[in-house]
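As structure tokens, the structure follows; a few thoughts come after it.
Coordinate-derived values only; no laboratory data. Since this is a predicted model, take the numbers as computed values, not measurements. Reconstructed Cβ throughout: ideal geometry from the backbone, glycine too, with neighbour counts over all protein chains shown.
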Amino acid sequence: MSETFNPLDMPIIPLKNATSKNTGRFEASRFLDSPETISAFLSEIMKENNPQILMQALGEVAKARGVNQLAQDAGVNRESLYKTLKKGDKTRFDTVQKLLLALGVELTVKPI
């Protein structure tokens, strides 16, 4: 008798804790295989309140989805997407919104 796997039951490892002396780089892209998992991952990342970490996380999602496919779905060219995801780049909100919509997730707001 097997239980149904629910990716939302899995713990999320913050990117800042993903590397240490005893572990290699955490490849989140290996596990981001559904809008629900992507949503849970990005929700945890948003708690960091750090745009650079968010862009790094979106890069992991792009890798999981396929950069070419995500660029096509978001209506941007591949080179622009790579530039957008580059660490430290100041990305416009409408670009982030296009990427999130192309991934099948939305940005929501809740009280803290």
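How far, in nm, would the chain grow between Tyr82 and Leu101 when pulled straight, counting 0.36 nm per residue and subtracting the alpha carbon separation?
Working: separation 19, 0.36 × 19 = 6.84 nm, distance 1.75 nm.
Taking 0.36 nm per residue and subtracting the Cα distance, the gain is 5.1 nm.
Residues Lys47, Lys90 in ascending order of nearby Cβ atoms (within 10 Å, fewest first): Lys90, Lys47.
I need the shape label for segment 32-103. Rule: rounded when a/c is under 1.5, else prolate if a/b > b/c, else oblate, with a, b, c from the alpha carbon gyration tensor.
Working: a/c = 1.68, a/b = 1.10, b/c = 1.52.
Judged from the Cα gyration tensor, segment 32-103 comes out oblate (a/c at least 1.5, b/c at or above a/b).
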